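The next block holds one structure in the form of structure tokens; read it before the comments.
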Amino acid sequence: NAGVTQTPKFQVLKTGQSMTLQCAQDMNHEYMSWYRQDPGMGLRLIHYSVGAGITDQGEVPNGYNVSRSTTEDFPLRLLSAAPSQTSVYFCASSFQRGGSDTQYFGPGTRLTVL
Amino acid sequence: AQSVTQPDIHITVSEGASLELRCNYSYGATPYLFWYVQSPGQGLQLLLKYFSGDTLVQGIKGFEAEFKRSQSSFNLRKPSVHWSDAAEYFCAVVGGTYKYIFGTGTRLKVLA
């Protein structure tokens, strides 16, 4: 198993540009989530999904969109990038939706918005 | 709403010394509690988790944590720290809404 994969590893955007961060898992996990990590802030939940076709907002959803058309993929879209979205983004997945299961994290995407 | 506090931003210990990292949570019922570790430039790896039952939980790499309901705490301990334990440690809580809430992390430095 490849586990949780994220692409790209690094990205530089200009303010106003859009892009999609890709996340995929091959473990048939129901639960997937996106976090951003900023110095001194820990990880903050952006969006999560408890299964294909079901998504919900986390702590900091503004400026981000998600969809879950398949079990494997959970892309994160930035519609109009802002410097405040400069961060490291982590995708994670777990087998069960109930919150009791271990989350497996991807290696992260480091995004810089100029 | 649930929340997690890790009061220590940085901790420095000597190799071979004992370690305790603090975590306090806020939640109305018994939550699911986790400790994760992040090495530089890496994602997070689970050290241990607590759901119910025995309040002393054993994890990987020789770590353990104790759930204390009366203190709303879930502190992480290790009897003897190794240089390879230098990393950032995150406590997390999950309540009834599938939302994981992470603490702000504690960065551990190990002196040779």
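Summary of computed values
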| read-out | value |
| --- | --- |
| For chain A: relative contact order, % (alpha-carbon pairs under 8 angstrom, 6 or more apart) | 36 percent |
| Inverse mean reciprocal Cα-Cα distance (Kirkwood Rh) of the protein assembly as shown, Å | 18.0 Å |
| Cα-based convex hull volume of chain B per residue, rounded to whole Å³ | 96 Å³ |
| Computed label-point distance, nm, for sites B:Q45 and B:R77 using a 7 Å Cα→Cβ extension | 2.4 nm |
| B:L56-B:S18 pseudo-label distance in nm [points 7 Å out on the Cα-to-Cβ vector] | 1.2 nm |
| Cβ-based charge dipole, chain A, positive-most Cα from A:S80, A:P8, A:Q103 | A:S80 |
| Packing-based exposure ordering (other Cβ within 10 Å, fewest first) of B:K61, A:K14 | A:K14, B:K61 |
| Residue-count net charge about B:I60 - beta-carbon cut-off 15 Å; Lys, Arg +1, Asp, Glu -1 | +2 |
| Average Cα contact separation per residue, chain B, under 8 Å, 6 or more apart, as relative contact order % | 38 percent |
| Pairs of Cα atoms farther than 16 Å apart, chain A, % | 55 percent |
| Selection from B:L44, B:S80, B:Y27, by position along the positive dipole direction of chain B (Cβ) | B:Y27 |
| Per DSSP, loop chymotrypsin sites (Phe, Trp or Tyr not before Pro) in segment B:4-68 with at most 16 further Cβ within 10 Å | B:F51 |
| Other protein chain Cβ atoms within 10 Å, averaged over every residue that makes up B:39-49 | 4 |
| Sorted largest first, extent of segment B:29-89 alpha carbons per principal axis (Å) | 35, 24, 17 |
| Partner lysines for B:K49 [C-alpha distance under 30 Å; skip if fewer than 8 residues away on the same chain] | A:K9, B:K61, B:K68, B:K78, B:K99, B:K109 |
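Taken together, the values in this text are just the output of simple stated rules run on the coordinates, not laboratory data. Keep in mind it's a predicted model, so treat the numbers as computed, not measured. In this analysis, Cβ positions are derived from the backbone assuming ideal geometry, glycine residues included, and neighbour counts consider all displayed protein chains.
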